[in-house]
Amino acid sequence: MSSSTGLTCKQFVELVTDYLEGALSEADHERFEQHVADCDSCPIYVEQIQQTIRMAGALTEESLSPEARGVLLHAFRDWAR
């Protein structure tokens, strides 16, 4: 879907992290906000990302099972490379 801003939903999704971190230029921020106002689906996506961030921030190492911890360590072991 493309809104009157010319920002497609795919482009919107690519900008969500920068938007949430306050890293968008003023012009892109305005285009992002306009897309949110014009699109039925993308505001739901932003809320899902925000909820994921809140939930991930509440996790502690102690709250993970040993199996879950192992899976995460394996998945991200090469991430910094």
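Hey, can you tell me all the residues within region 48-72 that are surrounded by 10 or more Cβ atoms within 10 Å (Cβ to Cβ) and not basic (Lys, Arg)?
Step one: list which residues in region 48-72 are surrounded by 10 or more Cβ atoms within 10 Å (Cβ to Cβ), which gives 48-53, 59, 64, 68-72.
Within region 48-72, Gln48, Ile49, Gln50, Gln51, Thr52, Ile53, Leu59, Leu64, Ala68, Gly70, Val71, Leu72 qualify.
Filter region 1-10 for residues that are out of contact with any strand residue (DSSP E or B) (no Cβ under 9 Å at 6 or more places or on another chain) and either modelled with pLDDT of 75 or more or open to solvent by 60 Å² or more (accessible area, probe 1.4 Å) (or both) and give the result.
First, pick out the residues of region 1-10 that are out of contact with any strand residue (DSSP E or B) (no Cβ under 9 Å at 6 or more places or on another chain): 3-7, 10.
Ser4, Gly6, Leu7, Lys10 - these are the residues of region 1-10 that are out of contact with any strand residue (DSSP E or B) (no Cβ under 9 Å at 6 or more places or on another chain) and either modelled with pLDDT of 75 or more or open to solvent by 60 Å² or more (accessible area, probe 1.4 Å) (or both).
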For region 20-45, which positions are assigned to a loop (DSSP other than H, G, I, E, B) and open to solvent by 80 Å² or more (accessible area, probe 1.4 Å)? Glu21, Asp40
Pair list, Cβ < 9 Å and 6+ apart or interchain, from region 41-61 residues that are closer than 15 Å to Cys9 by Cβ to residues that are modelled with pLDDT under 90: Ser41/Met1; Cys42/Met1; Cys42/Ser3
With (1) assigned to a loop (DSSP other than H, G, I, E, B); (2) touching a helix residue (DSSP H, G or I) at 6+ places or on another chain (Cβ under 8 Å) as the list, and Trp79 as the residue in question, which single condition is left unmet? (2)
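The values are calculated or read from the model by the stated rules, or taken from the named source; none is laboratory data. Remember, predicted model here, so these are calculated numbers, not experimental data. Virtual Cβ from ideal backbone geometry, glycine too; neighbours counted across all protein chains shown. Side chains are part of the model used for accessible areas, which takes the heavy atoms of the whole protein and leaves out ligands, DNA and RNA. Shrake-Rupley method; radii C 1.70, N 1.55, O 1.52, S 1.80 Å.
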